[in-house]
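The values are calculated or read from the model by the stated rules, or taken from the named source; none is laboratory data. Note that the structure is predicted; figures quoted are calculated from it, not measured. Note that we place each Cβ from the backbone using ideal geometry, even for glycine, and neighbour counts take in every protein chain shown. Just the protein is used for accessible areas: all its heavy atoms, side chains included, with ligands, DNA and RNA removed. Shrake-Rupley method; radii C 1.70, N 1.55, O 1.52, S 1.80 Å.
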Amino acid sequence: MGKTKVNMMIRFLKGMQAEKVNVLGAEEAREDNELIQKVIEDIELFYEAELEG
């Protein structure tokens, strides 16, 4: 997967986090956003070489 696609995926997930806060409120979205953050971190680790280049 190319750098552009990886960055797009991460931006999408961060947008999803923001939308969950907007719809559910910060406290209700907290657990979901923690899970999404773990996915973001996993993607960043997995595609680390592509993100650096």
- line: Of all helices (runs of 4 or more DSSP H) fully inside the chain, the set with 2 or more residues that are under 12 Å from the mean Cα position of the chain (by Cα) is 3-24, 26-46
statement: If we keep only residues of the range 1-16 that are among the aliphatic types (A, V, I, L, M) and open to solvent by 50 Å² or more (accessible area, probe 1.4 Å), then the residue nearest to residue 42 (Cα to Cα) is 9
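Among the candidates 27, 50, 34, 19, which residue alone is of a type in the set (D, E, K, R) and surrounded by 13 or more Cβ atoms within 10 Å (Cβ to Cβ)?
Values: 27 fails: surrounded by 13 or more Cβ atoms within 10 Å (Cβ to Cβ); 34 fails: surrounded by 13 or more Cβ atoms within 10 Å (Cβ to Cβ); 19 fails: surrounded by 13 or more Cβ atoms within 10 Å (Cβ to Cβ).
Answer to the check: 50.
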